[in-house]
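Worksheet: the structure to be examined is printed underneath.
The values are calculated or read from the model by the stated rules, or taken from the named source; none is laboratory data. Quantities reported herein were computed from a predicted structural model and do not represent experimental measurements. Positions of Cβ are generated from backbone atoms using ideal geometry, with glycine treated the same way; all protein chains shown enter the neighbour counts. Each accessible area value is taken on the protein alone, full model and side chains, heavy atoms only, with ligands, DNA and RNA left out. Shrake-Rupley method; radii C 1.70, N 1.55, O 1.52, S 1.80 Å.
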Amino acid sequence: MDIPIPEPPPRHTARPWLLGAALLALSGLPAAVVGTALLAGALLWGPDWSPLAPVLLFWFGITGAVARERGPLPGRAVNPGDEPGLAALVRDVAERLGFRAPLLVRIVPGVQASLGRVRVAGVRSHVLLLGLPLLRTLTEAELASVIAHELAHERHIAGRGDAFLRYARSRLAHRLEGRVRPLAAPAAPLLRASRPGLWRAETAADADAARVAGAEATGSALRRTVALHAVFEGLGETWLAALAERDAWPADFYDALDTALADPHVARRAARTAADEDALDPYDTADHPPVATRLADLPALPGTGTYGGGPVPLRQAAETARWCVHRLALQDGEEEDDVEPVRLLGLDPGELRGLDDGTGTALLFRATGHDTPAAAVAAALDTLADGTWQRLARRLEPGLRWAPRAVRGQLARTVYAAAVAGALAEVLETSGWTPATRWMTTVLTAPDGRTVDLRELLGEAVSTADPSRPRALLTKARPEETPA
């Protein structure tokens with residue numbers, strides 16, 4: 001049974017324009033200052049330089065303010081005749097939402113779902129981008145909720161003012177990504193003031209998705225999408241980078257991602273990583289509320305009950321997966337025959353874990369001045385005991401010193417835990433501990449059968465400023481190599 005979808009409440013049309021103008025003006029302030037300095041310098045240096053002032057200002061202005069020419073649409077086009085199941089699902093969701101604008105559907109390689117406006121042959125249209133990992137992993141009901149959420153944006157963020165506000169926020173957020181952030185102080189209150197409306201639009205789109213597919217499917221889709229994203233970035237990108245150095249490409253990339261996500265240890269690490277990333281927003285630049293907030297705000301609706309519990313079948317699944325892997329793994333102009341195909345699921349578990357090149361342990365050796373894992377871990381735990389662990393983290397990752405103060409501690413915790421956990425894993429494996437999973441090097445099973453995620457253990461040790469648990473593991477494993 002269809003659940004009526006109410007019309008969105010009227011919005012103040014002037015507010016997004018005013019906030020967007022303020023954000024955009026602030027993001028352009030550095031260009032204005034540099035432009036003024038160039039003009040003043042050209043005029044003060046005399047007649048030989050002054051004719052160059054207009055040229056310099058014009059060039060600086062067009063490179064900073066004029067949008068670059070748009071390239072081809074991203075992704076692989078979905079032809080309804082080739083993928084009737086997916087086309088029918090998109091059409092059904094659009095009809096339930098009353099979405100009647102021309103709509104193109106394209107499949108992209110990453111974990112992505114978005115709706116954009118394009119002009120095709122002079123006709124204003126929309127393009128719905130759906131990531132292949134979502135199509136492979138989500139059930140039909142979950143995918144329907146994702147599609148409904150994106151199409152609902154047209155109802156809740158329909159005005160040009162809202163689109164302008166999003167653009168202005170992204171421009172200003174980009175200005176805050178460098179080492180030096182002179183705009184941080186004035187930007188924070190503007191970004192904070194412009195956020196509530198966008199967050200309300202996201203939760204309203206979630207509510208529409210729940211009306212179409214049900215609260216259970218919508219919540220499940222949110223959780224699974226977040227986990228997919230974390231696994232794609234944490235494992236998938238590591239595989240791609242490691243194989244690229246070997247002039248190889250992962251022929252079964254998406255099959256490996258699916259298999260890894262089914263591993264409970266990987267799923268647990270992904271959930272923890274996603275929660276940590278939600279907290280890394282020092283300037284309120286996020287356009288989406290944290291996932292926990294979105295889940296809590298979902299209305300308890302049953303949905304229409306018309307969507308299935310398995311993934312939507314893709315007729316061209318193999319061709320689409322190969323096309324997507326090529327986009328991820330092959331360089332511009334590089335052909336498949338130029339690199340060696342590797343089946344990740346066919347690798348020995350040790351070789352698969354070895355795709356993580358262990359640079360964290362090498363960095364820990366250099367940062368602590370020790371050349372054995374046991375001694376390096378012991379030295380690192382000493383810095384945790386005496387309160388100097390953040391200095392060690394900065395030696396491991398020098399870029400931490402330029403991170404925003406509000407998130408510097410959390411980032412340092414992640415860097416420290418990852419490096420020390422990798423070295424501690426090497427020590428424990430020599431004393432009888434075994435890998436608990438084929439996917440990660442720092443989740444081990446002890447001789448007594450208990451399983452420990454060493455990154456989680458080290459993270460908790462940092463949070464409590466108590467190194468006793470990792471030190472006990474180290475001492476028991478290699479007492480003769482552990483400094484007193």
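Name the residue that is nearest to GLU95 (Cα to Cα), counting only residues in the stretch 204-227 that are among the aliphatic types (A, V, I, L, M) and open to solvent by 10 Å² or more (accessible area, probe 1.4 Å). My answer is ALA213. Counting only residues that are out of contact with any Ser or Thr (no Cβ under 9 Å at 6 or more places or on another chain) and touching a residue at least 24 places away in the same chain (Cβ under 8 Å), the stretch 296-316 holds 9 of them. Between PRO349, PRO341, the distinction of being modelled with pLDDT under 95 and surrounded by fewer than 14 Cβ atoms within 10 Å (Cβ to Cβ) belongs to PRO349 only.
In this structure, ASP382 does not satisfy being closer than 23 Å to GLY236 by Cα and either modelled with pLDDT of 95 or more or surrounded by fewer than 19 Cβ atoms within 10 Å (Cβ to Cβ) (or both).
Would a scan of the stretch 38-53 turn up a residue that is open to solvent by 40 Å² or more (accessible area, probe 1.4 Å) and at pLDDT 90 or above? Scanning the stretch 38-53 turns up no residue that is open to solvent by 40 Å² or more (accessible area, probe 1.4 Å) and at pLDDT 90 or above.
Between ALA419, ALA425, ALA461, the distinction of being buried (at least 17 other Cβ atoms within 10 Å of the Cβ), out of contact with any Phe, Trp or Tyr (no Cβ under 7 Å at 6 or more places or on another chain) and either in contact (Cβ under 8 Å) with a residue 60 or more places away in the chain or in a loop (DSSP other than H, G, I, E, B) (or both) belongs to ALA461 only. A single entry from LEU444, LEU392 fulfils the requirement of being at pLDDT 95 or above, closer than 16 Å to LEU363 by Cα and crowded, with 19+ Cβ neighbours inside 10 Å: LEU392. Considering only the stretch 280-294, state which residues are hydroxyl-bearing (Ser, Thr, Tyr) and over 20 Å from TYR167 (Cα atoms). Matches in the stretch 280-294: THR293 only. If you go through the stretch 219-237 and keep only what is of a type in the set (Ser, Thr, Tyr) and touching a Leu at 6+ places or on another chain (Cβ under 6 Å), you end up with nothing. Considering only residues in the stretch 360-378 that are aliphatic (A, V, I, L, M) and either farther than 15 Å from ALA421 by Cβ or out of contact with any helix residue (DSSP H, G or I) (no Cβ under 9 Å at 6 or more places or on another chain) (or both), the one that is surrounded by the most Cβ atoms within 10 Å (Cβ to Cβ) turns out to be ALA375.
If only residues of the stretch 267-294 that are open to solvent by less than 50 Å² (accessible area, probe 1.4 Å) and either modelled with pLDDT of 90 or more or touching a His at 6+ places or on another chain (Cβ under 6 Å) (or both) are counted, the one that is farthest from LEU190 (Cα to Cα) is ALA267. For the stretch 171-203, a tally of residues being surrounded by fewer than 20 Cβ atoms within 10 Å (Cβ to Cβ), in a helix (DSSP H, G or I) and among the small types (Gly, Ala, Ser) returns 6. Figure legend. Inter-residue proximity from the stretch 340-368: first residues touching a residue at least 12 places away in the same chain (Cβ under 8 Å) and closer than 20 Å to ASP247 by Cα, second residues open to solvent by 30 Å² or more (accessible area, probe 1.4 Å) and assigned to a loop (DSSP other than H, G, I, E, B), beta-carbon distance below 7 Å, spacing 6+ or different chains. Indicated pairs: GLU340/ASP247; PRO341/ALA251; VAL342/ALA251; ARG343/ALA251; LEU352/ARG438; ARG353/ARG438; ARG353/THR441; ASP356/THR441. For beta carbons closer than 9 Å, sequence separation of 6+ or different chains, a first residue in the stretch 21-32 that is polar (S, T, N, Q) and in a helix (DSSP H, G or I) and a second that is open to solvent by 50 Å² or more (accessible area, probe 1.4 Å) and at pLDDT 75 or above, the qualifying pairs are SER27/ARG171; SER27/HIS174; SER27/ARG175. As for the stretch 431-452, it holds no residue that is assigned to a helix (DSSP H, G or I) and free of Cβ contacts under 8 Å to residues at least 40 places away in the same chain.
Here the stretch 78-115 is the region considered, the condition is being part of a helix (DSSP H, G or I) and among the acidic types (Asp, Glu), and the residue that is farthest from PRO311 (Cα to Cα) is GLU95.
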